[in-house]
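**Student:** A single structure is presented below for examination.
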Amino acid sequence: MKPFEIFCACPPGLEPYLHAEALEAGFKGAQMTAGGITFYGLWPNVMRANLYLRGATKVLARFANFRSFNLSQLEKQTRSLDWAELLVQGSDVRIDVTTRKSKIYHAGAAKERVEKALRERLGAADPTDDPIKIMLRIEDNMCTFSVDTSGAPLHQRGHKEAVGKAPMRETLAALFLRASGYTGHEPVLDPMCGSGTFPLEAAEIATGLLPGRSRSFAFERLATFMPDRWATLRSATPETPETPQFYGSDRNAGAIDNATNNAKRAGVSHICSFTHASISDLQRPNGAPGLVILNPPYGARIGDKKQLFALYGALGTTLKARFLGWRVAIITTDTSLARTCGLPFSETSAPIPHGGLKVRLHQTAALK
């Protein structure tokens with residue numbers, strides 16, 4: 001089989017960090033594109049990308065493309081594809097079609113033709129709650145077929161059951177950690193940790209635990225699945241170097257219970273410590289300085305914005321007084337809230353989509 005294009009999605013604006021991660025993970029030839037990265041490979045590369053990449057939200061395999069100028073031509077060419085090589089007979093498949101600047105302009109009609117061709121090739125399917133998703137993009141008369149090889153979004157690691165309000169997705173947390181210069185060799189503290197996403201993600205990076213180790217993927221239901229190769233990939237045990245400690249605190253006692261339980265399920269409870277504490281009670285951990293990173297309330301969905309100015313002010317006062325030598329990274333929708341901290345931010349990112357909002361990452365150098 002010839003190599004095909006593999007697309008790994010991420011939030012727009014964070015492509016450079018997913019690109020760097022992919023190159024480090026050995027995905028040679030990876031290139032940045034809008035909303036993610038692409039590289040060429042085969043099905044073992046698809047499995048590795050789902051298992052290894054912390055920042056990817058989806059992995060799509062672009063398995064076929066051809067030019068088509070009308071619906072009859074589309075149906076005929078779709079029928080001619082070797083569907084048995086990709087899909088098991090009788091698979092439940094959902095087709096999503098988008099079309100742009102093409103002779104075939106009616107997405108609904110195109111979807112009907114593709115579904116008809118698939119039924120003729122694969123037979124009738126028994127509906128399920130989790131169909132395999134095939135996407136057809138028609139742009140400038142070029143038809144590109146992709147299959148979603150991930151299934152559930154990749155932030156669903158499979159070992160974090162308890163979450164709080166407006167949680168930070170694990171994939172986004174991993175990219176923000178990388179954007180903040182975190183490499184796995186320093187302590188990380190989140191003083192508004194909620195269910196513990198930042199400390200847990202940092203601890204997993206430090207210990208080399210694979211993000212997809214606890215879950216299943218859609219590619220396991222494809223005809224291309226290689227069980228023996230997959231078993232070998234999953235059985236790889238990370239090195240266990242001496243790792244720093246990871247800390248979280250929150251004024252909500254329930255959040256601390258959630259974070260503690262999530263750390264146990266993730267297998268990193270031995271290097272994670274969670275404390276019930278308000279911002280004013282926050283204490284610097286013993287040892288070398290590291291990174292304070294947090295995703296505080298913005299006032300858009302949680303909290304009264306007027307009260308938040310006091311909260312951000314208290315945060316800045318505490319960090320300046322007790323965390324000399326530590327770097328700080330704050331994610332927020334409102335630059336004025338970040339300024340209220342009074343911290344010497346040296347870098348502010350472009351807006352990043354997060355939960356229907358646009359957030360920015362504000363960073364300091366080591367506090368002096």
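The values are calculated or read from the model by the stated rules, or taken from the named source; none is laboratory data. It should be emphasised that the depicted structure is a prediction, and the values quoted were computed from it without experimental measurement. Neighbour counts are summed over all protein chains in view; Cβ atoms, including those assigned to glycine, are modelled from backbone coordinates with ideal geometry. Accessible surface is based on the protein model in full, side chains and every heavy atom, while ligands, DNA and RNA are left aside. Shrake-Rupley method; radii C 1.70, N 1.55, O 1.52, S 1.80 Å.
**Student:** Take the alpha carbon atoms of the stretch 34-50, find their center, do the same for the stretch 260-282, and report the distance between the two centers in whole angstrom.
**Tutor:** The two parts, judged by their Cα centres, are 33 Å apart.
**Student:** Can you tell me the order of 287-295, 37-45, 225-233 when each peptide is scored by its average per-residue count of other Cβ atoms within 10 angstrom, highest first?
**Tutor:** Numbers: 287-295: 20.2, 37-45: 18.6, 225-233: 13.0.
Most protected by this proxy first, the peptides run 287-295, 37-45, 225-233.
**Student:** Using only helices, what value at 222 nm comes out for the chain when you add -39,500 (n - 2.57) per DSSP H run of length 4 or more and divide by the total residues, to the nearest 500 deg cm²/dmol?
**Tutor:** Dividing the helical sum by the residues of the chain leaves -9500 deg cm²/dmol.
**Student:** Something else about it: Could you check what % of the DSSP bridge pairs in the stretch 237-368 are antiparallel, to the nearest 5?
**Tutor:** Expressed as a percentage, antiparallel bridges in the stretch 237-368 total about 55.
**Student:** Here's something else I'd like to know. How many nm separate the modelled label positions at residue 121 and residue 234, each set 7 Å beyond the Cα in the direction of the Cβ?
**Tutor:** About 2.8 nm, to one decimal.
**Student:** Out of 20, 107, 202, whose Cα points farthest toward the positive end of the dipole of the chain (charges: +1 Lys, Arg; -1 Asp, Glu; placed on Cβ)?
**Tutor:** About the Cα centre, the residue reaching furthest to the positive side is 107.
**Student:** Compute the accessible area per residue over the chain, keeping the other protein chains in place, probe 1.4 Å, unit Å². Can you show the working numbers first?
**Tutor:** Working: 16930 Å² over 368 residues.
Per-residue value: 46 Å².
**Student:** Simple spin-label model, 7 Å along Cα-to-Cβ: residue 183 to residue 112 in nm?
**Tutor:** It is 5.9 nm.
**Student:** OK, next. Efficiency by 1/(1 + (r/R0)^6): what FRET value for residue 310 and residue 270, r their Cβ-Cβ distance, R0 = 25 Å, to the nearest 0.05?
**Tutor:** 0.10
**Student:** Considering only protein heavy atoms and a probe of 1.4 Å, how much of the accessible area of the chain is carbon and sulfur, as a whole percent?
**Tutor:** Result for the chain: 51 percent of the exposed heavy-atom area is carbon or sulfur.
**Student:** Please report the equivalent ellipsoid semi-axes of the chain, computed as sqrt(5 x eigenvalue) of the Cα gyration tensor, largest first, in whole Å.
**Tutor:** On the way: eigenvalues 364, 99, 63 Å².
Taking √(5λ) for each eigenvalue gives 43, 22, 18 Å, largest first.
**Student:** Counting only GluC sites (Glu not before Pro) that are in a DSSP loop and have at most 15 other C-beta atoms within 10 Å, tell me the longest site-free stretch of the chain.
**Tutor:** Answer from the scan: 1-160.
**Student:** How large is ³J(HN,Hα) for each residue in the stretch 260-269, as worked out from phi by the Karplus curve 6.51 cos²θ - 1.76 cosθ + 1.60 (θ = phi - 60°), to whole Hz, x for Gly and Pro?
**Tutor:** Couplings: 4, 5, 5, 5, 5, 5, 7, x, 10, 5 Hz.
**Student:** Two decimals, Cα atoms only, Kirkwood Rh: what is Rg/Rh over the stretch 168-264?
**Tutor:** Answer for the stretch 168-264: 1.04.
**Student:** When ranked by the protection proxy of mean other Cβ atoms within 10 Å per residue, highest first, what sequence do the peptides 124-134, 324-334 form?
**Tutor:** 324-334, 124-134
**Student:** Rank-order 171-184, 49-62, 259-272 by packing density, defined as the average count of other C-beta atoms within 10 Å over each peptide's residues, highest first. Before the final figure, lay out the partial values.
**Tutor:** Working: 171-184: 22.1, 49-62: 24.1, 259-272: 19.4.
The packing order, highest mean first, is 49-62, 171-184, 259-272.
**Student:** If I take the Cα coordinates of the stretch 1-105 and project them onto the principal axes, what are the three extents in Å, biggest first?
**Tutor:** Principal axes ranked by extent give 44, 33, 24 Å for the Cα atoms.
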